[in-house]
Amino acid sequence: MTGREGRVPSAVVWPAALVLAAAAFGCRAGDESKPPCEAQPGVQALVQVSDVVNVGEGGESWPTTLVVYQLKGITSLDQPLDPDAIATEGEKVFGDEYVDKRELVAYPSTADKLTRDKMTIALKPNTTHLVVVAQFREKIGSAWYASMAVPPNTREDQCAAVAEDEEPRLPCLYVSLERSELTGGAFAPSGFELSTFETVCAAPSTAKKKPKKKKKKAEVPKVPKTPQTPKTPTTPSTPSTPSAPSTPSMPSKPTAPTAPKLPGR
């Protein structure tokens, strides 16, 4: 970095792999006879340093070492990072998600020159997130590191720019150092003087990808069953002729009464 001089390059430095790939593979729009551009994507680290930073015992400001880790996942950041673990174990803290790292030194601003450093970090193919850690003498809470997600179309967008002979627009990793605090990440923190870096940043990754809706398989409509022909109603049977009433029987002849018995006999 050019932190001690405080100079800012007039243009973004393209990743070497990006330029070489464009020349070697002929990354040109409409040229189907050549292989697609295999450019290595890059991210700009923009570092703004206060004149009071990483203060020592005598009140003097000291240079601050920054470590930028490349990760292929984000689960290792589900819990706040442990500064002691980072200091002793380094990249082992991130486990299998660790991909690569790069160290740089940021110097305090002075009355004559402000520290506004800009450098390009070449990304590994499987990198999805960046974590920048400041090795302060004294750490306050979690204000000693920041993270950002790498936009998913970074390589494609930068390769398309090279194909059009244009300067690729890189995503920015913002880093602001003041006293014992680091702020930044994918978005510029309050008070960040982006205009002094003379660069344009690509849009950060903010929205999560929506899951694709599963298409329903087209089914052949079932042929409805032919309705059954209703049965012909049966003819009702003719009612039977009622039988003639029987002739009533003649009444029987009454019997004659018996003579009463005489008394005493």
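A short reminder: the numbers here are calculations on the coordinates, not readings from a lab. Since the model is a prediction, treat every value here as computed from it, not as a measurement. Cβ: placed from backbone, ideal geometry, glycine included. Neighbour counts: every protein chain shown.
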Response to the item:
Summed over the other residues with a beta carbon less than 11 angstrom from that of VAL47, with K and R at +1 and D and E at -1, the charge totals +1
Response to the item:
Scoring only Lys, Arg, Asp and Glu (+1, +1, -1, -1) among other residues with Cβ under 12 Å from the Cβ of ALA134 yields -1
Item to complete: Give a residue-ordered list of calculated ³J(HN,Hα) values for the range 72-88 (Karplus: 6.51 cos²θ - 1.76 cosθ + 1.60, θ = phi - 60°; whole Hz; x for Gly, Pro).
Response: 10, x, 9, 5, 5, 9, 4, 10, x, 5, 8, x, 5, 5, 5, 5, 9
Fill in: Kirkwood Rh in Å, taken over all unlike Cα pairs in the range 50-194
16.4
Discussion item. Exceeding 20 Å between C-alpha atoms, which entries from my cross-link table qualify? They are LYS72/LYS101; LYS101/LYS124; LYS72/LYS118; LYS72/LYS139; LYS118/LYS139.
Written reply: LYS72/LYS118; LYS72/LYS139; LYS118/LYS139
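Determine the gain in length on full extension of the stretch LYS231-LEU114; use 0.36 nm per residue of separation and subtract their C-alpha separation, reporting nm with one decimal.
Numbers: separation 117, 0.36 × 117 = 42.12 nm, distance 10.15 nm.
Separation in residues times 0.36 nm, less the Cα-Cα distance, equals 32.0 nm.
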Fill in: Rotationally averaged projected area of the range 53-117 (alpha carbon convex hull; nm²)
5.9
Response to the item:
Here the range 105-110 yields Karplus 3J(HN,Hα) values (6.51, -1.76, 1.60; θ = phi - 60°; whole Hz; Gly and Pro given as x) of 10, 10, 9, x, 5, 10
